[in-house]
1. Could you state the number of Å between the C-alpha centres of region 454-524 and region 554-573?
2. Just report the Cα centroid separation between region 107-130 and region 327-345, whole Å.
3. Note the angle between two axes, namely the Cα long axis of helix 31-46 and the longest principal axis of the Cα atoms of the chain, as a number of degrees from 0 to 90, rounded to the nearest 10.
4. If you wrap a convex hull around the Cα atoms of region 125-243, how much volume per residue is inside, in Å³?
5. Helix 2-21 sits at what angle to the longest principal axis of the chain, using alpha carbons and giving 0 to 90 degrees rounded to 10?
6. I'd like the per residue volume of the convex hull spanned by the Cα atoms of region 248-382, given in cubic angstrom.
7. Take the Cα atoms of the chain, find their three principal axes, and give me the spread along each one in whole Å, biggest first.
8. State whether region 370-492 is rounded, prolate or oblate according to the following rule on the C-alpha gyration tensor (a ≥ b ≥ c being the square roots of its eigenvalues): a/c under 1.5 gives rounded; otherwise a/b larger than b/c gives prolate, and the remaining case gives oblate.
Amino acid sequence: MADLATEVASLNTNAAELLAKYDGAFTALGEAGDAIKAELEAIIATENIKSVVVSTTAITGNDIVVNSYSTDFTLNAIAYLDGIDIAYFEVDWGDGTSLQTVNATNSQAIASHVFADGSIGDVYTFKVTAVDTLGNKGSQTTKSVTVADNHAPTAPTVSAPTEISKLKTFDITVGGSTDADGDSITYNLSSSVFTFSKSSGIAENEVITVTAPDVATDTDYTFEATAVDSQGMQSTVTITTVTVLAITYGDIGVAGERGFGVGIAPTLPSGFSEMSGTTDVNSPNYGNYTDASGSVMVYIPKCYYKIDGNNIYYSSTPQTGYQLERAFIDGGVEHDGIFVDKYGCGNEAGVFVSKQGIDPVSTNSAHNPISAINGCTADTYEQIFNAVKSRGADYGVTPIFVFTMLARMSIAHQQASTGTTNCAWNDVEPYAPKGCNNDALADVDDTALTFTTSGYSNCALTGSGSVLAKTTHNGQDCGIADLNGNMYDIASCFTRNTADGFLILKESVSFKDIDLTNYSDNTIYDVIDISDVVSGADGWTYFGNGTNAVFDMSARTNIGIPLSTGHSTTGTSQFGNDGLYRNTADAMVPLVGGYWNYAAYAGVFCLHVYNVRSTSDTTVGGRASVIL
């Protein structure tokens, strides 16, 4: 198309040269010569050929104007040549004022004009021509306006984010305009790139949902808002700029695809840093970050889930039939996401760290004791609430809500996966995350998956699976590892006492604030009745019961308790045949995942509600989380 522009310009020049050089010859030819001269003169005079590479101008704005008041009109045109933009617009206002040149940005401009004094009912017709950067002009466009005794509303105020990820939705409001004539006001929105849930007749501060376009690089885009009174008079335009980011923040991804189940954090807590590949969905470090201790943490963005029978679905945005994961409701507010330790924690200079290839801390003096962690005074389960604080005040023991969410994500991911490309553990039944659980440093179902000994019994080093992706919640290297076997994880936010029964943390309380002083304080919990599944020292049962639904979308699902008809003496392969060990102990501490000799009992759904806060065990450790 650039070549076309050159040819167009050349044709105009050549036409003028031919006419000057052969004028006499054309005259001698008589009528035939006159016809040729007429064609050449038309080319020179009108430049019709040039106009095909520039569109006519689209004019939007009021059809009525008020004397002595400035009126805005939005001008848009298209330059059809590759790499060429609209440079400016020529405006003849039709009221005797001089021709105005209005510079364009992204092929658009706002032209403002105060029309010369006229009588009520007078009509002005103005003309606009678009000109590209090569000087090519489009055909002239006209618009007529009528002088009226009405004043335009004042320009509106827009509330909108300054940046948003590509293809994401965001909410805006428009309002604040006033009208000197007392007319009622509504608002209009327009944009060539953003999509609005409603673009006209918008009420004062009505919430409008906007969808961002797809971009390859971070790009600034604008949209326009105007106030319109009941007589059709528009305000001047308010232009709002939003940066559309090429990186998609806060997206849980699509089940079955790369990166599902983790995401990119929109902001980072103090001391956190990206790793190489954190923002690359194809990287093993996608969605992975390090904190000040060097611990590796995985970011899980806020997401919504739906359960239909034993089918589980996830979405990054609210959808009909979906509900927000409980893991993102903390301290009485919804949060953007949560950072979760990638590995079970070990001891590095007295700090409870999440690093690959280290011996996991246990709650017993015989195996890498938790009492050696800064702030810990004994080798008991409850000391984990002190251990996580060795990394900072914002760290808490990972909630039961997170572990149950990760388990459900594994189901959703497997259901949507084909083969093992995006789900490494999808090759050996049960099709679920594997782990060190056969008491011989391998997986009981996939014995080719081996682990490196920590030196204590058949406990493995953290993250030491011979195929790391087979041990993560999403079957990819970027996921959270060691959720099946090796070491039990202590979970927070779920307990029991004799007086009240089973308890679940109130939504108004933050999990990071649970400590040894309030762990058994029933005022920070709500009572939850699960007596249809756990009513005493009932021992083992297993997740799955034929085709019966295992979970619903009630609060019990958030703590990993199945429906009364969703468990059995054998369980089902879909839920890994994972086990639930039941008891009604006072000051209960829930354990998840199983440990190195639990065989088929171990797994992402495995839950143990037997031991108490004062228990000590070589097979029990944990990991930390930080809410964003």
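The values are calculated or read from the model by the stated rules, or taken from the named source; none is laboratory data. If you're wondering where the values come from, they're calculated on a predicted model, not measured in any experiment. With ideal geometry, Cβ positions are generated from the backbone for all residues, glycine too; neighbour counts draw on all protein chains shown. For the accessible areas, the whole protein counts, side chains as well, though only heavy atoms, and no ligand, DNA or RNA atoms are used. Shrake-Rupley method; radii C 1.70, N 1.55, O 1.52, S 1.80 Å.
1. Rounded to whole Å, the Cα centres lie 18 Å apart.
2. Rounded to whole Å, the Cα centres lie 57 Å apart.
3. 50 degrees
4. Each residue corresponds to 124 Å³ of Cα convex hull volume.
5. It works out to around 10 degrees.
6. Here the figure is 160 Å³ per residue.
7. On the principal axes, the chain reaches 113, 60, 49 Å in Cα extent.
8. Verdict is oblate for region 370-492.
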